[in-house]
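Engineer: There's a structure below that I have some questions on.
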Amino acid sequence: MDDTIRASAADLAAAMQAGEMSSVEITQAQLDRIAEVDGDLHAFLHVDADGALATAKRVDDARAAGEAVAALAGVPIAIKDVVVTRGLPTTCGSHILEGWIPPYDATIVTRLRQAGLPILGKTNMDELAMGSSTEHSAYGPSRNPWDLGRIPGGSGGGSAAAVASHQAPLAIGTDTGGSIRQPAAVTGTVGAKPTYGGVSRYGLIALASSLDQAGPVARTVLDAAMLHELLGGHDPLDSTSLDAPVPALVDAVRDADVAGLRVGVVRELGGEGYQRGVRARFDEVVGLLTDAGAEVTEVSCPHFDYALAAYYLILPSEASSNLAKFDAMRYGLRVPPDGVADPSAEQVMAATRAAGFGDEVKRRIILGTYALSSGYYDAYYGSAQKVRTLIQRDFAAAFDQADVLLSPTAPTTAFRFGEKLDDPVAMYLNDIATIPANLAGVPGISVPSGLADEDGLPTGVQVLAPARADDRVYRVGAVIEALLVERWGGTLLARAPSVTGTR
Ligand code: GLN
């Protein structure tokens, strides 16, 4: 049982293929684990035991009948609550959608269902995907399995905590400014943000449509690649979906090699503001890659210094427009205004939005509405879009000199609850290294780089590649993983303390 919950998705798939294990057994083991530890971790907002077991049984029956099944058939998965799931509550971590049961599936959920992955449940997140810690969830934070007094990252902290604590071998995340990669870094897991358009956005509750991208959360690079291949590919329901096949990611992992590869270390994503232990582990990875034959150079992306400022104009602008649909009429919550006998639609809308949205969401709606307003549009939104172009040019120039770029994923390890809650800018700064990739639409992966000496907590390294070259981030990620597993004599998570009783 302990081995089952610790196994990789690839190993579970192989064991089912060989007839050594059933999906019902595996799914039940995960559900037992959730029952055992999620009271401490709060990774899940909703668990669907019956649905998961029913899917598992269907896959077992299909296999027994000799039917061809998908590579990951029968491997259970957890889904971030920003993703719409037919028949399963979808709150996006907000009171505004409390009680909403979607009548349709996101395209990526359709693909998971068609491939026969039992859906264990929906994972916790910062409200409407705004945050870096899950402390903005309307339903209370998730906890980091390495230290229950610390954040598991955000906004997808629930997915990362679920995978890190062996409640699920796989999970889905979404990354608008780092919400897959930063939680991966602070929980010792693997998370990838695909090229913009590489994975369908149909059925994701939009935060900032030009930045959002769904992707895999896993414990190994191979597992992430397998899941990414399943999720990716053209979707006619998403007009920004790339009409191109998914790059061969699993092959890239299996044949991973960095000999002769040009690796650029981004000067602006390091140094001041980055925790000492984070930098030390990063420098070690650079050394290992050099020893493995990579040609490592330093590259400069001068406009990255303005990425955070541009992001916090573009994101609120798009969010303020996307969130206008929560009008008390169509979905979820409806709150009658206090003491008004015959309220107008506008009064109901105002009362509902006042009650249904948390402080961070309101802050960003106000900021975005202001940035887009007549007379300010050019000064704020227009300037931010120009900076975005300059950042894209920095990437283009850097990728002339290097095949992939490397940086720490996040400047610090997991911080304590409350540490940054009253200081939005301090919270925003945790995404300083992940945001440029979203602004440029390029793919990135975070893989564990080790434990910081000063606090013993996990830290991650980020690999970035040009748009549509997702295979490169997996290739380099797999080499880093292999070199470190060899050095540590096992995975980083094997060194994680028990998740229970450490609070
Ligand atoms: N933490 C970032 C923010 O608050 C990123 C969010 C995300 O990627 N969904 O906007």
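Engineer: By the gyration tensor of its Cα atoms, with a ≥ b ≥ c the square roots of the eigenvalues, what is the shape of segment 69-139: rounded for a/c under 1.5, prolate for a/b over b/c, or oblate? The partial results should precede the final answer.
Structural biologist: Values: a/c = 2.85, a/b = 1.79, b/c = 1.60.
Taking the square roots of the gyration eigenvalues as a ≥ b ≥ c, segment 69-139 is prolate.
Engineer: Here is a follow-up. Over all alpha-carbon pairs in segment 305-357, figure out the percentage whose distance exceeds 13 Å. Walk me through the numbers on the way to the answer.
Structural biologist: Working: 867 of 1378 pairs.
The share of Cα pairs beyond 13 Å in segment 305-357 comes to 63 percent.
Engineer: On to the next question. Which three semi-axes in whole Å describe the equivalent ellipsoid of the chain, each the square root of 5 times a Cα gyration tensor eigenvalue, listed largest first? Working shown, then result.
Structural biologist: Values: eigenvalues 201, 172, 90 Å².
Largest first, the chain gives 32, 29, 21 Å.
Engineer: With each label point set 7 Å from Cα along the Cα-Cβ vector, what nm distance links A354 and V340?
Structural biologist: The modelled label-to-label distance comes out at 0.8 nm.
Engineer: Quick one: if the Förster radius is 45 Å, what FRET efficiency do R487 and D50 give, using the C-beta to C-beta distance and rounding to 0.05?
Structural biologist: 0.55
Engineer: Output the relative contact order of segment 320-359, whole-number percent, from Cα pairs under 8 angstrom with separation of 6+ residues.
Structural biologist: 41 percent
Engineer: K362 versus A292, label points 7 Å from Cα toward the beta carbon: distance in nm?
Structural biologist: 4.9 nm
Engineer: What lysines could a cross-link reach from K193, if we take a straight Cα to Cα line under 28 Å and drop same-chain neighbours fewer than 8 places away?
Structural biologist: Leaving aside lysines fewer than 8 places away in the same chain, those within reach of K193 are K80, K122, K325, K362, K386, K420.
Engineer: Here's something else I'd like to know. Quickly rank 24-36, 173-185 as a protection proxy: mean count of other C-beta atoms within 10 Å, highest first.
Structural biologist: Details: 24-36: 20.7, 173-185: 33.1.
Highest mean packing first, the order is 173-185, 24-36.
Engineer: Where does segment 258-308 land on Rg(C-alpha)/(2.2 N^0.38 Å)?
Structural biologist: Values: Rg = 12.2 Å, N = 51, 2.2 N^0.38 = 9.8 Å.
So segment 258-308 has a normalised radius of gyration of 1.25.
Engineer: Let me know the whole percent of all Cα-Cα pairs from segment 154-237 that are separated by more than 23 Å.
Structural biologist: On the way: 510 of 3486 pairs.
The calculated P(r) of segment 154-237 puts 15 percent of pairs beyond 23 Å.
Engineer: Let me ask another. Sequence-distant or interchain residues sharing an amide H contact under 5 Å with V296, placed H: which?
Structural biologist: The list, which skips near neighbours in sequence, is V263.
Engineer: Could you give the length gained by full extension between D453 and T389, i.e. 0.36 nm per residue of separation minus their alpha carbon distance, to one decimal place?
Structural biologist: Details: separation 64, 0.36 × 64 = 23.04 nm, distance 3.81 nm.
Once the chain is fully extended between D453 and T389, it gains 19.2 nm.
Engineer: With a point put 7 Å past each Cα toward its Cβ, work out how far D305 is from R254 in nm, to one decimal.
Structural biologist: Using points 7 Å along Cα→Cβ, the separation is 4.7 nm.
Engineer: Looking only at the chain, where both bridge partners belong to it, what percent of the DSSP beta bridges are antiparallel (to the nearest 5)? Please report the intermediate quantities before stating the final value.
Structural biologist: Details: 28 of 43 bridges.
Of all bridge pairs located within the chain, approximately 65 percent are antiparallel.
Engineer: Would segment 96-223 count as rounded, prolate or oblate if I go by the C-alpha gyration tensor, calling it rounded below 1.5 in a/c and otherwise prolate when a/b exceeds b/c, oblate otherwise?
Structural biologist: Details: a/c = 1.37, a/b = 1.20, b/c = 1.14.
The shape class here is rounded.
Engineer: Note down the net charge around N322, summing +1 for each Lys or Arg and -1 for each Asp or Glu among other residues with Cβ under 14 Å from its Cβ. Don't skip to the end; give the middle numbers.
Structural biologist: On the way: positive: R201, K325, R330, R353, R364; negative: E127, D212, E318, D327.
Every neighbour counted, the sum reads +1.
Engineer: Under the 0.36 nm per residue contour assumption, what length would be gained going from the current alpha-carbon distance of D40 and R416 to full extension?
Structural biologist: Numbers: separation 376, 0.36 × 376 = 135.36 nm, distance 1.57 nm.
Taking 0.36 nm per residue and subtracting the Cα distance, the gain is 133.8 nm.
Engineer: Viscosity 0.890 mPa s, temperature 25 °C: Stokes-Einstein D of segment 3-142 from its Kirkwood Cα radius, in µm² per second?
Structural biologist: 157 µm²/s
Engineer: Continuing with this model, one more query. Spelling out what I want: for every residue of segment 415-431, take phi, set θ = phi - 60°, compute 6.51 cos²θ - 1.76 cosθ + 1.60 (Karplus), and round to whole Hz; glycine and proline get x.
Structural biologist: 8, 7, 4, x, 4, 10, 5, 8, 10, x, 5, 4, 5, 4, 5, 5, 9
Engineer: If packing is taken as the average count of other Cβ atoms within 10 Å, what order do 387-400, 133-146 fall into, highest mean first? Could the numbers behind the result be given before it?
Structural biologist: Values: 387-400: 17.6, 133-146: 25.8.
Ranking the peptides 387-400, 133-146 by packing returns 133-146, 387-400.
Engineer: Bin by bin, in steps of 10 Å, what percent of the Cα pairs in segment 332-397 do you find, going until the bin that has the longest distance?
Structural biologist: The calculated distribution, bin by bin, is 19, 27, 26, 18, 9, 3, 0.
Engineer: Let me ask something else about it. In vacuum, with every alpha carbon of segment 434-495 counted as one equal point scatterer, what does the Debye formula give for log10 I(q)/I(0) at q = 0.12, 0.18, 0.28 Å⁻¹? Two decimals, please.
Structural biologist: Normalising to I(0) and taking log10 leaves -0.35, -0.69, -1.11.
Engineer: While we're on this one: Looking at the square roots a ≥ b ≥ c of the eigenvalues of the Cα gyration tensor of segment 222-366, which shape do they give, rounded for a/c under 1.5, prolate if a/b is larger than b/c, or oblate? Write out the running numbers ahead of the final one.
Structural biologist: Working: a/c = 3.33, a/b = 1.96, b/c = 1.70.
Prolate, since a/c reaches 1.5 and a/b exceeds b/c.
Engineer: FRET efficiency for K325 and S239, Cβ-Cβ distance as r, R0 = 22 Å, nearest 0.05? List each step's numbers first, then the result.
Structural biologist: Details: r = 18 Å, r/R0 = 0.80.
Computed FRET efficiency for K325 and S239 comes out at 0.80.
Engineer: Would you mind getting the Kirkwood hydrodynamic radius of segment 104-144 from its Cα pairs, rounded to one decimal in Å? Please list the in-between numbers first.
Structural biologist: Numbers: mean 1/r = 0.0838 Å⁻¹.
Across segment 104-144, the inverse of the average 1/r is 11.9 Å.
Engineer: Amide H to amide H under 5 Å from L170: which residues, 5+ apart in sequence or cross-chain, H placed 1.01 Å off N in plane?
Structural biologist: Under 5 Å from the amide H of L170: A78.
Rule-based calculations on the coordinates, nothing more; no lab input. Everything numeric here is computed off the predicted structure, so don't read it as measured data. Every residue, glycine among them, receives a Cβ derived from its backbone with ideal geometry; neighbour counts consider all protein chains shown.
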